[in-house]
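These notes are about the structure you will find just below.
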Amino acid sequence: MAVVDSSPSLEILAREPEGFSIWSGPPFSNGQPKVKIERVPCTFAKYSEDGSRYLVIKSASMVCVYDCHSSTEIRTFEMPNVLAAVLSPRGTYVQSFQMPLNSKENNLILWNCDTGAPVYQQFKKGMSKTTWPLVQFSSDEAVACQLATNEIQFFDAGDFSKGIIYRLRVPGLAAMELSKTTGSHIAAFVAESKGIPASVQIFASGKDAQSQPVARRSFFRCDTVQLSWNYGSTGLLVVVQSDVDKTNQSYYGESKLAYLTTDGSYEGLVTLRKEGPIHDVQWSSKGSEFVVIYGFMPASATVFDKKCNPLLQLGQGPYNTVRWNPKGKFLCLAGFGNLSGDMVFWDYEAKKQLGTTKAELSVTSEWSPDGRFFMTATTAPRLQVDNGIKIFHHNGSLYFKKMFAKLYQADWKPEAPERFGDIADLVQSTSSLNINVTKPQGQGSKSSQASSKTTTANPPAQKPAAYRPPHAKVAAAVQAELFGGAGSSEEMSKNASRNKKRRDKQREKKAAEAAEL
């Protein structure tokens, strides 16, 4: 069966200090990505959830929206002192937050992209990552709501001029998460207060069905939660985090995983085989299974069904990140952040491990929309050195690598997975692709050599070099300038050998004196 010709091409958005670029591919026809858009100056760039449009903050007062298909500018908004902006899932609206100058001026505004007119606005004193964006949409933009004091406020997503059409009262409300596909339910988190335990409640989002929660779970020792809906909006995973572990087993606090269903069939904790923190959880694209990485290192990884029954044990290792590809066939377990970057790839349908590799210092990671490629990126400001992009095959073999002097962002253009062909045919079509490694320009004599290297084998992961603090590098440069060359490891070993001989002689002398006495 041939790959469907109508499948869209993959695209990658990469943002550097000079601006963002958009690449076509992979796969790359000549081993290098074709640049679709070349370095547009900006401070922020982001696709809409459906990949139809992308938003660019070009300056502190200008926000532009582009059409992804034609790469043409749809609208430019003048927004003085803009701090954040984001597109709605289908790119219909732009939500912006501007620096508050006074309480009389609305600084949170929802704009219509096609008309350029504001459709809703209010004053907000501040904003945080947990509450941004304030107005949440379902994936089809049929439901829109926002968090307020002790209540959730709902809008007519097709006509915001109606204002707030109904309210859901939730005393003590601290956070909420609207289900995306579909927007039939909403989860509300109430923080612990005055001896009353924290709780997560699920409500139907329809006005006539909001009198009582359809599911509820209470938690003691709960400071924050992570709420994750499945596809179909039938199940909710809740990672409960406490800042302090009263058992003194973990410096980073205590965490546990709960699962709630919208039909009320399950409201409890997920039984795990190992004690320790919850590192990561993710639903499959079908919404019928989820995978959890948990426990003290080496962490364990297990796939569960919707009834919390374990389906597959993925073993143990230095892992804290899980990524399930959009087709639901392949899994990647990885250890990023303060771990060494180990990755293991699984074929979930065949229940077998495909390969292992490393991607040290990775900050972000994600599967391509077609499920064939896995991209990791080392980005600033998290890491100021060794910035770059690596793209792997589904089995962990390296396909492409490009280094940057500084890289802020690397994202796949979102696409619906069903627009691509069968994953088995897609994988077969790229099974013979080679590795291409590109070094950043302006790196001295090394960069003047061949810019890419190609091999058909998966190169073994190299052990990262020992960390050298900046002052040590400066000292080495000064030593090289003063003494005609850097202090090589050979010179250091001679000095160490000389010092060792001196210490040995002193030790022998003391031993001889002690023998005479």
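Expressed as a whole percent, the accessible surface of the stretch 180-219 that belongs to carbon and sulfur atoms is 52, based on a 1.4 Å probe.
The gain in end-to-end length when the residue 265 to residue 245 segment is fully stretched comes to 4.2 nm, 0.36 nm per residue minus the alpha carbon separation. For residue 101 and residue 273, a Förster radius of 45 Å and the Cβ-Cβ distance give a FRET efficiency of 0.25, rounded to the nearest 0.05.
Ranked by the mean number of other Cβ atoms within 10 Å per residue, highest first, peptides 197-207, 323-333 order as 323-333, 197-207. Each listed q (0.20, 0.23, 0.29 Å⁻¹) maps to a log10 I(q)/I(0) for the stretch 238-292, found by the Debye formula over equal Cα scatterers with no solvent: -0.81, -0.98, -1.26. Per-residue packing, averaged as other Cβ atoms within 10 Å, sorts the ranges 278-285, 13-20, 310-317 into the order 278-285, 13-20, 310-317, beginning with the highest.
Per residue, the convex hull spanned by the Cα atoms of the stretch 177-322 measures out at 104 cubic angstrom. Each residue of the stretch 184-190 is assigned a 3J(HN,Hα), and the resulting list reads 7, 9, 9, 9, 10, 10, 10 Hz, derived from the Karplus form 6.51 cos²θ - 1.76 cosθ + 1.60 (θ = phi - 60°), x at Gly and Pro.
Placing a label point 7 Å from the Cα of residue 207 along the Cα-to-Cβ direction, the residues of the stretch 156-180 with a backbone N closer than 16 Å are 156-169. Summarised in one figure, the compactness ratio Rg/Rh of the stretch 64-176, Cα atoms and Kirkwood Rh, is 0.96.
With contacts defined as alpha carbon pairs under 8 Å and 6 or more residues apart, what's the relative contact order of the stretch 202-308 in percent? Computed value for the stretch 202-308: 18 percent relative contact order. For the stretch 168-209, the residues whose backbone nitrogen is under 12 Å from a point 7 Å from the Cα of residue 150, taken along Cα to Cβ, are 169-173. Sorting the segments 67-78, 337-348 by their mean number of nearby beta carbons within 10 angstrom, highest to lowest, gives 337-348, 67-78. Ligands, DNA and RNA are left out, and with a 1.4 angstrom probe the accessible area of the stretch 201-360 is 45 Å² per residue.
Nonpolar atom fraction for the stretch 26-155, defined as the carbon and sulfur part of the 1.4 Å probe accessible area, stands at 51 percent.
Here r is the Cβ-Cβ distance between residue 252 and residue 196 and R0 is 22 Å; the resulting FRET efficiency, rounded to 0.05, is 0.30. Take every pair of alpha-carbon atoms less than 8 Å apart whose residues are at least six positions apart; their mean separation over the length of the stretch 23-88 yields a relative contact order of 23 percent.
Extending 7 Å from Cα along the Cβ direction at residue 71 and again at residue 18 yields two label points whose distance is 1.6 nm. Mind giving me the FRET efficiency for residue 309 and residue 496? R0 is 56 Å, r the Cβ-Cβ distance, nearest 0.05 is fine. Rounded to the nearest 0.05, the efficiency is 0.40.
Fully extending the segment from residue 60 to residue 122 would add 20.3 nm, taking 0.36 nm per residue of separation and subtracting the current Cα-Cα distance. Quick one: of 306/329; 34/286; 46/256, which pairs are farther than 24 Å apart, Cα to Cα? The pairs that break the limit, which is 24 Å between Cα atoms, are 34/286; 46/256.
The values are calculated or read from the model by the stated rules, or taken from the named source; none is laboratory data. The structure presented is a predicted model; accordingly, all values stated were derived computationally and were not measured. Cβ atoms come from the backbone with ideal geometry, glycine included; neighbour counts cover every protein chain shown. These accessible areas exclude ligands, DNA and RNA; they are computed on the full protein's heavy atoms, side chains included. Shrake-Rupley method; radii C 1.70, N 1.55, O 1.52, S 1.80 Å.
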